[in-house]
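Visitor: After the structure tokens below, expect a handful of questions from me.
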Ligand code: ATP
Ligand code: LTN
């Protein structure tokens, strides 16, 4: 049986970018592929590569787990767990650091971006992050990894690391393939369409949080940067902001961009933006309601306990074999 696995960092509030690029895709795949296993985790160890407030980190970790289920994940077909609750993730992450080169890590654009924004206080773990990410995936023998466009490079490096290990020690890890959505893989910031929508952004006008209420959603869409051309068409070079809004529209409403462009032919941006705001509210309201029920429930804790148990069992056996393979320990 094929296994599909993904993770999400509890670094801030979940955004519409996370939803369209990752969560929605995961839920869709689950509906489409009835013969696959689904592993999903909250990557709290990845979150601490930049400084976090402990109480907020713990709250967000649970929020993300609840939000995933609220977005339509089938809880009976998902192994949902918290990364730090499975120590083998770290153990393999360390081993994989010895199978990746400094030059490869230095080329990672996510690292370079974060360094350029932060300037000082760059942690060693931010640099070695891709080794832990590779471990997250290959420890569980995942076949497919659905992610947004920004993770393509990390996935490519995970594949390199898995291949390198297999070449050195004999076939042992499955080399994972990414699954990247055709529409919605890279949602841009509403105020600056040159930048990806990011949950760790300080300016909250640039992103829509999955927790935003109706008024906030409509306000943010209304004030999203567009252009003075005033014609609804898809032109990602000259009308970047509008192209991003069209992508959001198509992705959230499961429609073609061309259809939407035809619908708004001859109209200005006002009506288009109003309708887009309504579409987003229509999708997020029930999700928020589901979330409200789940976050207080014992059910969420039970799901995470079960997830930890299943993931741990797999990780324990795989790690025992892995250590034997590379000559660690006595037998
Ligand atoms: P940060 O801004 O802290 O780096 P992030 O939101 O980019 O966080 P994750 O939480 O780890 O990073 O992302 C989870 C998933 O959401 C990944 O698969 C990622 O590719 C996807 N994703 C993140 N931002 C976007 C976006 N703007 N458009 C589409 N997909 C996205
Ligand atoms: N690096 C990813 C989050 C992440 C992940 C993973 C995604 C950590 N481990 C394993 C898929 C599979 C990010 O920054 N968005």
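The values are calculated or read from the model by the stated rules, or taken from the named source; none is laboratory data. Quick caveat, the model's predicted, so the values are computed rather than measured. So basically every Cβ, Gly included, is an ideal-geometry build from the backbone, and we count neighbours across all protein chains shown.
Visitor: Of all the residues that make up the range 259-271, how many are surrounded by 13 or more Cβ atoms within 10 Å (Cβ to Cβ), more than 28 Å from the chain's Cα centre (by Cα) and in a helix (DSSP H, G or I)?
Guide: 3
Visitor: Here is a further query. Looking at the structure I just gave you, is residue 195 without any contact (Cβ under 8 Å) to a residue 40 or more places away in the chain and within 10 Å of ligand 1 (Cβ to nearest atom)?
Guide: yes
Visitor: Can you find even one residue in the range 117-124 that is away from ligand 2 (no atom under 11 Å from the Cβ), under 30 Å from residue 248 (Cα atoms) and touching a helix residue (DSSP H, G or I) at 6+ places or on another chain (Cβ under 9 Å)?
Guide: Yes, the conditions are met somewhere in the range 117-124.
Visitor: Another one. Just one of 140, 129 is modelled with pLDDT of 90 or more and either away from ligand 1 (no atom under 16 Å from the Cβ) or over 19 Å from residue 89 (Cβ atoms) (or both); which is it?
Guide: Just a single option satisfies the conditions, and that option is 140.
Visitor: Using beta carbons and a limit of 9 Å, which pairs, at least six apart or on different chains, have the first residue in the range 92-110 and farther than 26 Å from residue 186 by Cα and modelled with pLDDT of 95 or more and the second one away from ligand 2 (no atom under 16 Å from the Cβ) and in a loop (DSSP other than H, G, I, E, B)?
Guide: 95/328
Visitor: Scan the range 118-132 for residues that are assigned to a helix (DSSP H, G or I) and either surrounded by 11 or more Cβ atoms within 10 Å (Cβ to Cβ) or touching a strand residue (DSSP E or B) at 6+ places or on another chain (Cβ under 7 Å) (or both) and report the count.
Guide: Going through the range 118-132 one residue at a time, the tally reaches 9.
Rundown of residues vs (1) more than 13 Å from ligand 2 (Cβ to nearest atom); (2) part of a loop (DSSP other than H, G, I, E, B); (3) within 14 Å of residue 14 (Cβ to Cβ); (4) out of contact with any helix residue (DSSP H, G or I) (no Cβ under 9 Å at 6 or more places or on another chain), yes/no style:
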position: 34; (1), (2), (3), (4): yes, yes, no, no
position: 49; (1), (2), (3), (4): no, yes, no, no
position: 52; (1), (2), (3), (4): yes, yes, no, no
position: 55; (1), (2), (3), (4): yes, no, no, yes
position: 58; (1), (2), (3), (4): yes, no, no, no
position: 63; (1), (2), (3), (4): yes, no, yes, no
position: 79; (1), (2), (3), (4): yes, no, no, no
position: 84; (1), (2), (3), (4): no, no, no, no
position: 93; (1), (2), (3), (4): no, no, no, no
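Visitor: Quick one: residue 255 ticks every box in (1) assigned to a helix (DSSP H, G or I); (2) under 21 Å from residue 182 (Cβ atoms); (3) under 24 Å from the mean Cα position of the chain (by Cα) bar one, so which box is it?
Guide: With (1) assigned to a helix (DSSP H, G or I); (2) under 21 Å from residue 182 (Cβ atoms); (3) under 24 Å from the mean Cα position of the chain (by Cα) applied to residue 255, the lone miss is (1).
Visitor: Check off (1) within 29 Å of residue 37 (Cα to Cα); (2) within 11 Å of ligand 1 (Cβ to nearest atom); (3) assigned to a loop (DSSP other than H, G, I, E, B); (4) modelled with pLDDT of 95 or more for residue 207 and give me the number that stays unchecked.
Guide: Answer for residue 207: the failing condition is (1).
Visitor: Of all residues in the range 135-157 being in a helix (DSSP H, G or I) and within 8 Å of ligand 2 (Cβ to nearest atom), which is farthest from residue 322 (Cα to Cα)?
Guide: 150
Visitor: So, of the residues in the range 1-16 that are over 14 Å from residue 68 (Cα atoms) and either modelled with pLDDT of 90 or more or part of a helix (DSSP H, G or I) (or both), which turns out to be nearest to ligand 1 (Cβ to nearest atom)?
Guide: Per the criteria, the residue is 11.
Visitor: Among the candidates 175, 183, which residue alone is surrounded by fewer than 21 Cβ atoms within 10 Å (Cβ to Cβ), within 14 Å of ligand 1 (Cβ to nearest atom) and assigned to a loop (DSSP other than H, G, I, E, B)?
Guide: Selected residue: 183, the only one of 175, 183 that is surrounded by fewer than 21 Cβ atoms within 10 Å (Cβ to Cβ), within 14 Å of ligand 1 (Cβ to nearest atom) and assigned to a loop (DSSP other than H, G, I, E, B).
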